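Since the structure comes first, as structure tokens, the remarks are kept for the end.
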Amino acid sequence: MKTFDPLQVPLSGMNLIEASAGTGKTYTITSLYVRLLLEGSLLTAQILVVTFTEAATKEIKDRVRTRLQTVLAVLQGEQEAGADDFLAGLAERYRGDKRATAVLVNAIRSLDLAAIYTIHGFCKRLLAECAFESGTD
């Protein structure tokens, strides 16, 4: 089995991540979220995160916000990366990069638009937005 590295994994194509409780799934999701913003040139409203429970949805939203703030602080030199290899790698790539800083600031400001849902919440939104196409009221 290959070790998953959120700093190196390609952002295109498909990856399957199998993990049990407490193995860092949320850490990985938040890391990939940051990379999609910085390297994929996506906006918060263009990234979809779907999970099972309301509690998990709230936790991921909170952790994405915290992760974005931490990455921004590291890139601005206000905080050290410490033992976090992902943060250290991002600092090496983006420290002093004004575009990266602007992307993170905009992402933090627009996080309320982030598409982070439970499965049923996403389906409900999709059916509401595409009522005509789906043949529903």
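The values are calculated or read from the model by the stated rules, or taken from the named source; none is laboratory data. Source: prediction; values computed, not measured. Neighbour counts run over all protein chains shown; Cβ positions are idealised from the backbone, glycine included. These area figures cover heavy atoms from the full protein model, side chains too; ligands, DNA and RNA do not enter into them. Shrake-Rupley method; radii C 1.70, N 1.55, O 1.52, S 1.80 Å.
Here are a few things to note about the model shown:
- Length released on extending from residue 39 to residue 113, taking residue separation times 0.36 nm less the Cα-Cα span: 24.7 nm
- Counting only residues at least eight positions apart within a chain, or on another chain, the lysines with an alpha carbon under 17 Å from that of residue 58 are 25.
- Size of electric dipole in the chain: Cβ of Lys, Arg +1 and of Asp, Glu -1, about Cα centre, debye, nearest 20: 160
- Residue 49 accessible area, assembled protein chains, probe 1.4 Å, Å²: 10
- Theoretical FRET efficiency, 1/(1+(r/R0)^6), r = Cβ-Cβ of residue 73 and residue 46, R0 30 Å, to 0.05: 0.80
- Among the protein heavy atoms of the range 1-128, carbon and sulfur supply 56% of the accessible surface, probe 1.4 Å, non-protein parts ignored.
- Cα centroid separation, the range 53-74 to the range 17-40 (Å): 11
- For the range 7-137, with +1 on Lys and Arg beta carbons and -1 on Asp and Glu, the positive-most of 102, 120, 74 along the dipole: 102
- Surface exposure of the chain, expressed per residue as accessible area with a 1.4 Å probe, stands at 65 Å².
- Once both labels are positioned 7 Å from their Cα atoms along Cα-to-Cβ, the gap between residue 5 and residue 130 label points is 3.6 nm.
- For the pair residue 92 and residue 27, the difference between a 0.36 nm per residue extended length and the Cα-Cα distance amounts to 21.5 nm.
- Highest-MSF residue in the chain out of 56, 83, 107 [GNM, Cα springs under 10 Å]: 83
- Other-chain or far-sequence residues with amide H under 5 Å of residue 51's (modelled H): 117, 118, 119
- Where GluC sites (Glu not before Pro) fall in DSSP loop in the range 2-95, at most 11 other Cβ within 10 Å: 18, 78
- Rounded to the nearest whole Hz, the Karplus-based 3J(HN,Hα) values (6.51 cos²θ - 1.76 cosθ + 1.60, θ = phi - 60°) of the range 12-23 follow the sequence 10, x, 10, 9, 9, 10, 9, 7, 9, 4, x, 9, with x at glycine and proline.
- Modelled this way, with points 7 Å down the Cα-to-C-beta line, the labels at residue 18 and residue 59 are 2.1 nm from one another.
- Of the residues 30, 23, the one with the largest accessible area comes first in the ranking 23, 30, computed with a 1.4 Å probe on protein heavy atoms.
- Within the listed set 121, 89, 22, the residue fluctuating most in the Gaussian network model of the chain (springs between alpha-carbon atoms under 10 angstrom) is 22.
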